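Just below is one structure, and these are the notes that go with it.
What follows is calculated from the coordinates using simple rules that are stated; it is not laboratory data. None of these values were measured; they are calculated from a predicted model.
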Amino acid sequence: MKSLKIGVCGVGNVGGAVLENLTNTPDIVVSNGGVQIEITQVGARKGKSAVPYDLDVVTDLMEVAKNPTIDVFVELIGGCDLAKDLIEHAIGNGKNIVTANKALIATHGDELFKLAKEHKVQIGFEASVAGGTPVIKALREGLVANEVKWFAGILNGTTNFILSKMSEDKSSFDDALKEAQELGLAETDPTMDIDGTDAAQKASILSALAFNTPFDFSFVSYGGIDQVSPEDIAYAYQLGYSIKHIAYGSLDNGQVNVSAFPTFVPKDQLLSQVGQQMNALEIFCESIGSTVYYGPGAGPKPTASAVIADLVDLSNGGWPESENKKNQNTLIKECKQQFSRYFKLDVKNEAGAIAKVSSLFADENVSIEALIQNEIKDNSPNENFVPVVIISGVLTDTEAGRLQENLEAMTEIAGPVKQFRIHNAL
Ligand code: HSE
């Protein structure tokens with residue numbers, strides 16, 4: 001039986017679940033991975049009161065990173081500054097690393113992997129993307145023989161949970177968010193979930209593995225579900241769609257684009273059926289077609305499952321060095337992919353207004369595939385303006401942005417114009 005001595009820093013939702021799993025049911029790990037994992041030390045800033053187990057707990061996290069008896073430093077504190085400092089010290093002290101920290105990997109991955117290589121140690125980061133669903137293992141091991149052309153995925157459990165609750169149970173945004181927080185799905189600051197940052201960081205990590213690009217989160221364009229209203233969800237339902245937060249990555253002639261936005265998904269597509277806090281990722285390779293990965297993407301237990309899988313892998317020699325491959329492809333900001341779109345605008349209720357709207361679509365050479373405008377009733381909130389929803393033909397993000405600006409400049413349109421992509425297989 002192999003043995004692994006670990007130091008765990010961070011005892012929040014995920015850290016707590018890792019300690020619980022390894023303390024209460026070490027046999028699972030032993031029988032599945034043939035390794036005895038011993039928690040040698042725990043770093044908890046709140047001290048022993050935060051750790052309900054008989055373990056060596058220290059409040060100075062650096063003590064764990066420097067502890068000479070530890071083989072693996074498990075970083076579960078999140079954030080970038082302290083986590084990076086701790087990991088760098090742990091690597092410098094010859095320790096392998098396991099982390100769930102997507103912000104850190106998406107921002108400083110290249111630097112950390114270089115340092116790890118110099119010190120002949122490895123970094124496991126399965127828990128950083130899609131929680132308990134092993135998508136990183138799929139990319140760096142299972143699909144290694146193929147060139148990935150694109151991926152499309154639901155990568156944030158909290159926002160998928162909120163969108164599902166709003167559309168299926170008619171919950172309010174606030175109630176759904178509160179429930180997600182109670183389930184331990186959301187980040188400490190849920191802004192990162194809601195504004196799309198969390199999913200964008202995960203997409204950036206997937207891109208580095210799928211397309212051999214640098215770990216550079218600054219190239220990802222993204223938006224969040226804070227743009228989605230109950231009204232949009234109702235229109236989506238009426239038109240045969242659900243709204244999901246979808247991250248895309250695609251490779252075209254050596255250029256890679258990564259983005260993540262709320263997206264209309266036709267009801268008959270697989271991603272449309274992904275409810276609750278589940279994540280799903282479709283990865284397309286020219287040679288084999290699509291493979292799809294589905295499972296719990298957030299929450300203490302699924303994330304702890306990925307952390308423990310990394311520990312078992314480390315005890316078995318770690319991973320192929322795909323993240324250290326020479327960068328082969330270039331990240332670009334501009335998404336050249338065309339999408340059909342949902343547009344929502346408030347149009348003045350007067351003769352010729354819709355004709356002007358449709359002429360702006362014609363100027364972009366894009367068709368109007370569907371249009372909803374209901375008659376204004378006496379009790380409507382605003383008798384002068386009527387909500388209009390348009391499903392358009394395909395446009396790039398640049399073309400759609402230009403059309404949106406031109407619509408907003410019309411005196412017959414009140415307030416901002418909203419537009420979302422409509423998912424299609426790339
Ligand atoms: N807050 C994240 C989510 C947790 O909801 O997906 C996993 O990264």
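What to note about this one:
- Binning the C-alpha pair distances of the chain at 10 Å intervals from 0 yields a P(r) profile of 5, 21, 28, 23, 13, 7, 3, 0, 0 %, listed from the shortest bin outward.
- Altogether, the Stokes-Einstein calculation at 37 °C and 0.692 mPa s, with the Kirkwood radius of segment 340-422 over Cα pairs as Rh, returns a diffusion coefficient of 255 µm²/s.
- Folded to 0 to 90 degrees: helix 13-24 orientation relative to the chain principal axis, Cα: 40
- Segment 269-416: C-alpha gyration tensor shape, a/c 1.5 cut-off, then a/b vs b/c: prolate
- For the chain, the longest principal axis of the Cα atoms and the long axis of helix 197-211 meet at an angle of about 70 degrees.
- The three principal axes of the C-alpha atoms in segment 165-310 carry coordinate ranges of 43, 38, 28 Å, sorted with the longest axis first.
- Relative contact order (percent, whole number), the chain, Cα cutoff 8 Å, 6+ residue spacing: 16
- Rg and Dmax, both from the Cα atoms of segment 226-353 and both in Å, are 19.9, 73.
- Entry note, the chain: the mean residue ellipticity at 222 nm calculated from DSSP H runs of n ≥ 4, each adding -39500 (n - 2.57), is -10500 deg cm²/dmol after division by the residues and rounding to the nearest 500.
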